[in-house]
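A quick write-up on the structure given underneath.
The values are calculated or read from the model by the stated rules, or taken from the named source; none is laboratory data. From a predicted model like this one, the values you see are computed outputs, not experimental measurements. Note that each Cβ is placed from the backbone with ideal geometry, even for glycine, and that neighbours are counted across all protein chains shown. Just so you know, the surface numbers come from the protein's heavy atoms only, side chains and all, with ligands and any DNA or RNA stripped out. Shrake-Rupley method; radii C 1.70, N 1.55, O 1.52, S 1.80 Å.
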There are 2 protein chains.
Amino acid sequence: MTDSDLSDDLFLILPDGSDETPERATLSFRRSPTVLLTFASNRFTRAAARDYQDRFGLGAMDWRMLVMLTREPGSTVSHAARTIGIDKAAVSRSLHRLQQRQLATATAEGRDSRRKSWQLTDSGRALHDRILAHALERQKRLLSGFSETELRALTGYLARLLENIDGAFDDGPAGAGDQ
Amino acid sequence: MTDSDLSDDLFLILPDGSDETPERATLSFRRSPTVLLTFASNRFTRAAARDYQDRFGLGAMDWRMLVMLTREPGSTVSHAARTIGIDKAAVSRSLHRLQQRQLATATAEGRDSRRKSWQLTDSGRALHDRILAHALERQKRLLSGFSETELRALTGYLARLLENIDGAFDDGPAGAGDQ
DNA sequence: GCTTCGGTGTTGACATGACAACATCACCCG
DNA sequence: CGGGTGATGTTGTCATGTCAACACCGAAGC
């Protein structure tokens with residue numbers, strides 16, 4: 001539970017009377033992982049979305065679906081939504097966009113006319129491969145200066161953060177007797 | 001330039017004929033920092049936004065502005081926008097929301113009626129302190145299991161990613177003669 | 001058989017934030 | 001002085017993604 005060996009001071013800017021510090025304690029941007037995480041993610045996804053749109057005419061969502069259908073061909077809407085962790089509505093719209101561009105097709109599965117199994121067309125697979133080359137190149141640029149050891153550490157940390165997110169909100173951090 | 005000592009295989013799932021792997025090489029979700037980064041950030045910001053809204057009636061944007069104005073009282077719209085790295089339009093709207101709730105006030109600065117210097121009111125500072133306690137608690141939960149050494153490594157990695165983002169898109173990874 | 005229940009996919013309404021256009025003002029240079 | 005230039009802040013418009021509501025189907029339960 002509360003294995004919080006981390007002190008609040010690690011994340012705060014405390015007033016010390018100088019001009020550099022505020023008059024009241026507040027969050028440090030540079031030392032708070034949550035701030036850095038959202039900064040980095042927002043700027044990256046924004047730039048990536050523009051890039052995908054300019055080069056290939058599809059959004060970041062559609063690219064994720066290309067990867068998803070390459071990874072697990074025959075996925076349904078709800079399965080894809082659960083795997084990527086986004087809303088099924090967005091997945092449904094994305095798949096229909098891909099279908100409209102003939103990048104993906106749906107084949108009925110069983111007698112249930114809704115449960116469709118989706119897969120990429122040949123042109124969808126070709127586009128996937130083209131974008132994949134860009135994505136890999138860009139990711140390598142993003143990781144420029146990282147050694148393989150550092151890379152593994154980073155991915156490990158991010159995975160641990162991901163696992164912790166669920167528990168960070170369940171109880172509600174208010175519980176602790178502040179105020 | 002290409003100090004990319006990192007192999008593509010680090011980020012890919014390659015087909016090996018088994019059932020676990022796809023028939024075509026594609027991005028690994030668990031080993032790609034960009035994927036993990038956006039996953040973690042999206043899920044965290046979404047949950048945090050809900051939390052802020054439910055508990056305090058303001059969005060994540062407004063909370064960031066509370067921190068910003070605590071950090072540097074007297075900031076202008078454009079200065080805050082540059083510091084946080086988001087659009088000045090969003091900052092302008094957020095500040096007016098705060099003003100409407102009497103959490104922040106603007107005082108004219110010089111004769112330019114547009115350049116206003118913003119600061120928090122007493123109730124704004126009080127709300128900042130209340131939310132700060134929650135944010136710290138939640139961040140500690142998110143970092144549950146991290147040692148102080150690991151924390152420093154993580155923040156350092158994220159800062160390096162942030163610095164690399166600009167260069168990752170400038171030239172355009174497409175450099176090779178498409179377009 | 002009929003009904004209830006949970007899961008599925010689709011659609012509409014909404015919030016968020018980015019981009020572009022605009023009015024306004026300070027500044028500078030001719 | 002007066003026009004150009006750039007910065008500032010505001011507003012409109014759009015894309016993205018979430019939530020809520022709905023229609024639809026399968027599987028049990030009586």
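Across region B:130-141, a minimum of one residue is classified as touching a helix residue (DSSP H, G or I) at 6+ places or on another chain (Cβ under 9 Å) and of a type in the set (Asp, Glu).
The criterion of being over 24 Å from the mean Cα position of the chain (by Cα), away from DNA strand C (no atom under 13 Å from the Cβ) and assigned to a helix (DSSP H, G or I) does not hold for A:ASP5.
If only residues of region B:113-153 that are among the acidic types (Asp, Glu) and more than 13 Å from B:VAL67 (Cβ to Cβ) are counted, the one that is modelled with the lowest pLDDT is B:GLU137. Scanning region A:1-45 for residues that are under 24 Å from A:ARG138 (Cα atoms) and in contact (Cβ under 8 Å) with a residue 12 or more places away in the chain gives A:PRO33, A:LEU37, A:PHE44, A:THR45. Inspection of region A:148-161 finds no residue satisfying the criterion of being part of a loop (DSSP other than H, G, I, E, B) and either open to solvent by less than 70 Å² (accessible area, probe 1.4 Å) or within 7 Å of chain B (Cβ to nearest Cβ) (or both).
Residue by residue, here is whether (1) more than 8 Å from chain A (Cβ to nearest Cβ); (2) more than 19 Å from the chain's Cα centre (by Cα) holds:
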residue: B:LEU10; (1), (2): no, yes
residue: B:GLU23; (1), (2): no, yes
residue: B:ARG30; (1), (2): no, yes
residue: B:PHE39; (1), (2): no, no
residue: B:ARG46; (1), (2): yes, no
residue: B:LEU66; (1), (2): yes, no
residue: B:LEU69; (1), (2): yes, no
residue: B:PRO73; (1), (2): no, yes
residue: B:VAL91; (1), (2): yes, no
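Restricting region B:117-143 to residues that are outside any helix (DSSP H, G or I) and surrounded by 19 or more Cβ atoms within 10 Å (Cβ to Cβ), the residue that is farthest from DNA strand C (Cβ to nearest atom) is B:LEU143.
Taken over region A:120-131, the criterion of being free of Cβ contacts under 8 Å to residues at least 12 places away in the same chain and within 8 Å of chain B (Cβ to nearest Cβ) is satisfied by A:ASP129 alone. Residues in region A:91-116 that are more than 12 Å from DNA strand C (Cβ to nearest atom) and in a loop (DSSP other than H, G, I, E, B) were compared, and the one that is least open to solvent (accessible area, probe 1.4 Å) is A:LEU103. Annotation: of all residues in region A:61-102 being polar (S, T, N, Q) and in contact with a strand residue (DSSP E or B) (Cβ under 7 Å, 6 or more places away or on another chain), the one that is nearest to DNA strand D (Cβ to nearest atom) is A:THR76. Can you spot a residue in region A:89-111 that is modelled with pLDDT under 90 and in contact with a helix residue (DSSP H, G or I) (Cβ under 8 Å, 6 or more places away or on another chain)? Among the residues of region A:89-111, not one is modelled with pLDDT under 90 and in contact with a helix residue (DSSP H, G or I) (Cβ under 8 Å, 6 or more places away or on another chain), which makes the answer no. Against the conditions (1) touching a helix residue (DSSP H, G or I) at 6+ places or on another chain (Cβ under 8 Å); (2) more than 7 Å from chain A (Cβ to nearest Cβ); (3) at pLDDT 95 or above, B:ASP178 satisfies every one except (3). Assess whether B:LEU58 counts as being more than 13 Å from chain A (Cβ to nearest Cβ), out of contact with any Gly (no Cβ under 6 Å at 6 or more places or on another chain) and near DNA strand D (Cβ under 9 Å from one of its atoms). No.
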